[in-house]
Amino acid sequence: MVISRRGVLFGSAGALGAASFSFPAPAIAGSEPIRIGCLAAITGPASAPTQGFNRGVNFAVDAINGAGGVKGRKIELVMRDTQGDPSKAVNATQELISQQKVHAIWGPLNSGEALATTPIMARAKIPNIHPCVVETLIDTSKFPNAFRMAPSNSQWDDAVRNYCLNILKVRKLAVIGDTTGYGVTAVGASVAAFKKDGAEVVYQANIDATQPDMTPDMLRMKNAGTEAIVVWTVSTGMEALMFNVRAAMNWDVPFVGHPSLSSGEIAGLVEKPENWKKVYAIGYKSCSYDGSGKLPPRSEELVARLTKGNIALNDTLLWWVAGGIDVIELFAKAIEVSGSTDAQGIIAHLNTLNKYPGYFGDYTFTPAQHNGYPTDEVVMSEASTAKNGTFALAPGYS
Amino acid sequence: MLASIIAAGLASGAIYALVGVTYNTMFSTSRVMSFTAGQLAMLGGVFGSMFTLKLGMPVVAGFLLTLVCCAIIGIITEFIAVRPVLKSLDQHLYVLSTLAVALMIQQVAAIKWGTEPQPFPRLIGLGSGIWDEKFWLPVVACALTILGLEYLYRRTLVGRAFLAIAEDNFAARALGLPERNLRIASYALAGIIGGIAGFSGGELLLAFFANGALLNFYGFVPVALGGLGNNRGAIVGGLALGLFQQAANFLVGGIFSSVAVFTLFIVVLLAAPQGLFGGASARRV
């Protein structure tokens, strides 16, 4: 074969022409994994909720991936340990968004971190679901991408007030908290709401949680005619000391309030187990068992699934595990319905949910309301009745 | 109410007094106010709970091990936070170095022990109500510690050497006293006293990492009130502080009791800057 100059020129031109045509791109977007970023305090003092939530998150991811994924796409978790530190949470958020290119973010799991990360996620318009209680974290005009799947502080407050005024039928209340920012804010809001509802707040105080003797405050509460003590603190030491003083005073006033009243650590801090009776902590219908020891049917089914999957519940709370499952399923459903991992599509779908049946609760979101958890699902539990992460419903609920 | 004020006030006052003595013991041989005193007391409660409750040791063994651990922490403090800054005492670098060690102790305790208060076992099981052992045990521990220190300082050679170092460091060294070893021993002794404070007050304060900062603060008040280096002043100041604080808790309550305590503290210092029991120091000119 003779190689002519013309032939070489034509051949080269042809090769160049062919190279300039783009080959059809492989359908990467359709098969690439769905990347969900998780901001969680895996280590450090605030890691207990993470352990529970992570069991649910991993369980849900395994279940969805085991069933073939979301329209064939597997879910991939990108977990970052924030250690409960807002600055670490900020760095992790920026990394998840700009380097890891996640499609949605779950967490962080405490309000201090969320206050720092929520504006960053809003700027990046990344879909975000979190369980943090501070009211200002949900604002659909400032943070249209942020959704809350657990109750807010005011929902807790509503449930406590409802229990005191309508079920215990007490009118004279003492409202106390610790001296942290949370304690001061929560006591102020709670007192205002009780007064608005016509109740008489006979004693209001912020007590130093390290105060070794709670007798002075308890005595003042008793002398003021208190019929129920509402507690807003996370300090289990302070709570246990008050239970012990109540017993020493032979006073049978009920304590009602923050979920920490049911913390397992209190068992070791009370002088006698009966000192922890007549204490009602915030809980959830879905995770409370009735007089016959039965959970609601959907929760019974969940516990059966978790037991089959060897997920331990004896050292955590069921609502953490259930909430973790719900979050992954909410994201998965949003991607399935919207047909892509496009952020606007996920957010738009979440905004249409009306009583979406999760394990933890029925979630409702609208474009103007991102507090998704129903207030009527927030109930009081008997604080000392923990059983596999669930509690007995407090007396008075039908 | 009065009985409750006296019982709880004397108990917390005795703990503050012991922390004050811890400050003084470290100060006497080094001229350094080591802000690890409260943390040593906190560790007394934490180690005590760990050995007796978590590891299930007998109370006596747990108590002795607690004291050994606190003594070691005291010695470590001397090595890493005090010795390097002794040459520049006038620059007060010890404030920074001892505070840094105190923060490290607190953070490690928070991470390893947890941020929630942990139970402390009943040590003897005697008494109830205002006669509960959690109230009288710190008072008894304080009294025995003072007796022990008096014996050490007045009847033993080592104790007299401590006093000599505290009185005049240079003269003591000129006499051939091993100043460095005595300083290490005094930090170990301070660790033991802090450990006794935390262990005897464990039932009252629980085993809680945050007690360190609280005791650092309230333990410093009797030192300032009683005069720096004056153990008797620290004891009287500590007990008075405890009683006043508890009375304020009953009368005004909550955060206002702390305000009352520090208002009185400032008033006393304005009236007697050298402390109620401290003499005005002579300055060579």
- Normalised by the residues of the range B:2-271, what does the relative contact order come to in percent, with Cα pairs under 8 Å and at least six apart? 42 percent
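Calculate, for A:THR43 and B:ARG154, the FRET efficiency according to 1/(1 + (r/R0)^6) with r their C-beta to C-beta distance and R0 51 Å; round to the nearest 0.05. Mind dumping the intermediate values first?
On the way: r = 51 Å, r/R0 = 1.00.
In this case the efficiency is close to 0.50.
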- Task: Arrange the following residues from fewest to most other Cβ atoms within 10 Å of their Cβ: A:THR366, B:THR66, B:THR98, A:THR316.
- Result: A:THR366, A:THR316, B:THR98, B:THR66
- Give me the number: length gained by fully extending A:LYS169 to A:THR352, i.e. 0.36 nm times residue separation minus the C-alpha to C-alpha distance, one decimal in nm. 62.1 nm
- Item | Cross-link pairs beyond the 30 Å C-alpha cut-off, checked among A:LYS272/B:LYS112; A:LYS308/B:LYS112; A:LYS222/B:LYS112; A:LYS277/B:LYS54; A:LYS278/A:LYS333 | A:LYS308/B:LYS112; A:LYS222/B:LYS112; A:LYS278/A:LYS333
- Item | chain A, relative contact order in percent, only Cα pairs under 8 angstrom and at least six apart counted | 17 percent
- Query: Sequence-distant or interchain residues sharing an amide H contact under 5 Å with B:MET57, placed H: which?
  - Reply: B:THR52
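Contour minus end-to-end for A:GLU200 and A:ASN250, with contour as 0.36 nm per residue of separation and end-to-end as the Cα-Cα distance?
15.6 nm
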- What nm value, rounded to one decimal, do you get for the distance between A:THR307 and B:PHE262 when each label is placed 7 Å out toward the C-beta? 5.5 nm
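Just to be sure I understand: of the beta bridges DSSP finds with both ends in the protein assembly as shown, what percent are antiparallel, rounded to 5? Mind dumping the intermediate values first?
Details: 12 of 48 bridges.
Counting only bridges with both partners in the protein assembly as shown, antiparallel ones make up about 25 percent.
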- Excluding residues on the same chain fewer than 8 positions from A:LYS196, give the aspartates and glutamates whose Cα lies under 17 Å from its Cα. A:ASP157, A:ASP158
- Message: Starting from the Kirkwood Rh over alpha-carbon pairs, what translational D in µm² s⁻¹ does the range B:2-271 have by Stokes-Einstein at 4 °C and 1.567 mPa s?
- Response: 70 µm²/s
- Under the rule of -39500 (n - 2.57) per DSSP H run of 4 or more residues, summed and divided by the residues of chain A, what mean residue ellipticity at 222 nm is obtained, to the nearest 500 deg cm²/dmol? -12500 deg cm²/dmol
- Query: A:LYS285: which lysines have alpha carbons under 16 Å from its alpha carbon, excluding same-chain residues fewer than 8 sequence positions away?
  - Reply: A:LYS294, A:LYS355, A:LYS387
- Query: What percent does the relative contact order of the range A:155-239 come to when contacts are Cα pairs within less than 8 Å and at least six residues apart?
  - Reply: 39 percent
- Could you pull the Rg and Dmax for the protein assembly as shown, using just the Cα atoms, both in Å? 31.1, 119
- 0 to 90° range, to nearest 10: angle between helix B:133-155 axis and chain B longest Cα axis: 20 degrees
- Message: Counting other beta carbons within 10 Å of each residue's own, what order do A:LEU173, B:LEU206, B:LEU126, A:LEU168 fall into, fewest first?
- Response: B:LEU126, A:LEU168, B:LEU206, A:LEU173
- Identify all aspartates and glutamates with a Cα-Cα distance to B:LYS134 below 15 Å; exclude those on the same chain that are fewer than 8 residues away in sequence. A:ASP213, A:GLU271, B:GLU203
- Message: Could you list A:TRP319, A:TRP276 so that the one with the fewest beta carbons within 10 Å of its beta carbon is first and the one with the most is last?
- Response: A:TRP276, A:TRP319
- Using only Cα atoms, tell me the angle between helix A:111-124 and the longest principal axis of chain A; keep it within 0 to 90° and round to the nearest 10. 30 degrees
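All of the numbers you see were taken from the coordinates with simple rules; none came from a lab. Treat the numbers as computed from the prediction; the structure is a model and nothing was measured. Note that each Cβ is placed from the backbone with ideal geometry, even for glycine, and that neighbours are counted across all protein chains shown.
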